[in-house]
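Report on the structure given below.
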Amino acid sequence: MSRRFLASIGVLTLAAALAPVPLAAQAPTTKTTAVAKTWTPPRTADGQPDLQGVWNSGTATPLERPKELEGKAFFTEQEAAEYEKHYIERSNTDRPLREGDTGTYNEFWWEHGTKVQADRRTSLVVDPPDGRVPPLTPEAQKRADTAAAARPLRQALEAAPNTWEDLTLRDRCIQYRPQPQLPTQNNNNYQIVQGPGYVAIVQEEIHETRIIPLDGRPHLSRSLRQWEGDPRGHWEGNTLVVETTNFTDKTSFRGSNANLHLIERYTRVDPDTIDFRFTVEDPTTWTRPWTAAVSWRKGVGLYEYACHEGNYATKHSLSGARAQENAAEAGKK
């Protein structure tokens, strides 16, 4: 979690407070499956399927199917329990400190999911069927190799930046992770708010808000690029479909660039669950489009992530680097 995390005790009040529930469901039963088939989502005042509330995407299911599970799309109930047990053991940060470990954060600060997806899938990737992200194109592999070769210099600049541009977007409080959103070890909370003609999705870290128009307007000119892209939404039955283009090359999702084309689908399948699926396509990055699915479970609240562009850390990182340089120069005399 970012060193600038300052969680307030107040919950955002854009939507009504929701009662707490577990972050992930157990394996599906005949009863819950029957309910899902007959359940009808509520509607907002203007007739939209109601997706509003606070949701959490934390999960123990990996993005890609592990090599040792090749050819196995689903866990058995016993396998899922064993996998979850080992996942919790591996993720536990309350273990004794290792040499060189500063012990910055213990388990109190993390909120990674502890359960695999309710259907016991072995990966979040559902297409291709092998549960793996498709290979990079030769062009994208070249970009990745260049980035890897430059990483030592990049890390050195981040440790002693010459300019604010040497700091990451996260350090500068601009963006935590690019679209589409994948579960991480913390801050997997979202709030959905709806109004006539719009849906807004607030991400807890670093408080990005995506405002999605539903009125059929065209995308912005391709010459206009945005951190979160340019989203446009519409309803297909009870599913919110969001198409996003116009990404900037200053952000990257697993190696993508400004050509990323993102399709998201949000379907509330029961009172406590949103089925979130996304498909990404970028012919300059992957050899084929691919799709992942994540269950969002009803959450307990959204807390302020007090991070803002131009924060003290940026100033102090730069001034600290200059102080180190001055000290080193003085030592040579």
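The values are calculated or read from the model by the stated rules, or taken from the named source; none is laboratory data. Here the structure is a predicted model, which is why all the values come from computation and not from measurement. Heads up, the Cβs are rebuilt from the backbone with ideal geometry, glycines too, and the neighbour counts pull from every protein chain shown.
Check Leu153, Leu157, Leu136 and return the single one that is of a type in the set (A, V, I, L, M, F, W, C) and touching a residue at least 24 places away in the same chain (Cβ under 8 Å). Among Leu153, Leu157, Leu136, only Leu136 is of a type in the set (A, V, I, L, M, F, W, C) and touching a residue at least 24 places away in the same chain (Cβ under 8 Å).
Is it the case that region 129-143 has a residue that's farther than 27 Å from Cys307 by Cα and among the small types (Gly, Ala, Ser)? Yes, there is a match, as at least one residue in region 129-143 is farther than 27 Å from Cys307 by Cα and among the small types (Gly, Ala, Ser). Condition check for Val199 on (1) in contact with a Pro (Cβ under 9 Å, 6 or more places away or on another chain); (2) part of a loop (DSSP other than H, G, I, E, B): one failure, at (2). Taken over region 198-244, the residue count meeting the criterion of being more than 18 Å from Ile274 (Cβ to Cβ), in contact (Cβ under 8 Å) with a residue 40 or more places away in the chain and surrounded by fewer than 19 Cβ atoms within 10 Å (Cβ to Cβ) is 2.
Could you tell me whether region 102-116 includes any residue that is at pLDDT 90 or above, assigned to a loop (DSSP other than H, G, I, E, B) and within 30 Å of Thr291 (Cα to Cα)? Within region 102-116 (the criterion being at pLDDT 90 or above, assigned to a loop (DSSP other than H, G, I, E, B) and within 30 Å of Thr291 (Cα to Cα)), the answer is yes, since at least one residue qualifies. Residues of region 145-170 being hydrophobic (A, V, I, L, M, F, W, C), part of a helix (DSSP H, G or I) and in contact with an Asp or Glu (Cβ under 7 Å, 6 or more places away or on another chain), which ones? The one that is hydrophobic (A, V, I, L, M, F, W, C), part of a helix (DSSP H, G or I) and in contact with an Asp or Glu (Cβ under 7 Å, 6 or more places away or on another chain): Leu157. Residues in region 140-155 that are surrounded by fewer than 11 Cβ atoms within 10 Å (Cβ to Cβ) and polar (S, T, N, Q): Thr146, Gln155.
Within region 156-170, does at least one residue satisfy the condition of being surrounded by fewer than 16 Cβ atoms within 10 Å (Cβ to Cβ) and among the acidic types (Asp, Glu)? Within region 156-170 (the criterion being surrounded by fewer than 16 Cβ atoms within 10 Å (Cβ to Cβ) and among the acidic types (Asp, Glu)), the answer is yes, since at least one residue qualifies. Within region 58-82, take every residue that is of a type in the set (A, V, I, L, M, F, W, C) and either in a helix (DSSP H, G or I) or in contact with a strand residue (DSSP E or B) (Cβ under 9 Å, 6 or more places away or on another chain) (or both) and give me the one that is nearest to Arg132 (Cα to Cα). Among those that are of a type in the set (A, V, I, L, M, F, W, C) and either in a helix (DSSP H, G or I) or in contact with a strand residue (DSSP E or B) (Cβ under 9 Å, 6 or more places away or on another chain) (or both), it is Leu63. Given the structure, is Pro129 within 29 Å of Tyr312 (Cβ to Cβ) and not in a helix (DSSP H, G or I)? The answer is no for Pro129.
Looking across region 280-319, the residues that are of a type in the set (Ser, Thr, Tyr), surrounded by fewer than 17 Cβ atoms within 10 Å (Cβ to Cβ) and over 30 Å from Asp166 (Cβ atoms) come down to Thr287, Thr291.
Residue-by-condition table, conditions (1) under 19 Å from the mean Cα position of the chain (by Cα); (2) of a type outside the set (Gly, Ala, Ser):
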{"position": "Gly237", "(1), (2)": "no, no"}
{"position": "Asp282", "(1), (2)": "yes, yes"}
{"position": "Thr287", "(1), (2)": "no, yes"}
{"position": "Lys332", "(1), (2)": "no, yes"}
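Among the residues of region 248-287, those that are more than 18 Å from Glu139 (Cβ to Cβ), not hydrophobic (A, V, I, L, M, F, W, C) and not in a loop (DSSP other than H, G, I, E, B) comprise Glu264, Arg265, Tyr266, Thr267, Arg268, Asp270, Thr273, Asp275, Arg277, Thr279. Whether any residue in region 64-85 is surrounded by 14 or more Cβ atoms within 10 Å (Cβ to Cβ) and β-branched (Val, Ile, Thr) is what I want to check. Taking every residue of region 64-85 in turn, none turns out to be surrounded by 14 or more Cβ atoms within 10 Å (Cβ to Cβ) and β-branched (Val, Ile, Thr). Exactly one condition in (1) modelled with pLDDT of 95 or more; (2) surrounded by 20 or more Cβ atoms within 10 Å (Cβ to Cβ); (3) touching a Phe, Trp or Tyr at 6+ places or on another chain (Cβ under 8 Å) is not met by Asp270; state its number. Here Asp270 meets the rest and fails (2). When Gly331 is tested against the conditions (1) surrounded by fewer than 18 Cβ atoms within 10 Å (Cβ to Cβ); (2) part of a loop (DSSP other than H, G, I, E, B), the lone failure is (2). The set of residues in region 188-219 that are in contact with a Lys or Arg (Cβ under 9 Å, 6 or more places away or on another chain) and closer than 30 Å to Ser91 by Cα comprises Ile201, Val202, Gln203, Glu205, Ile206.
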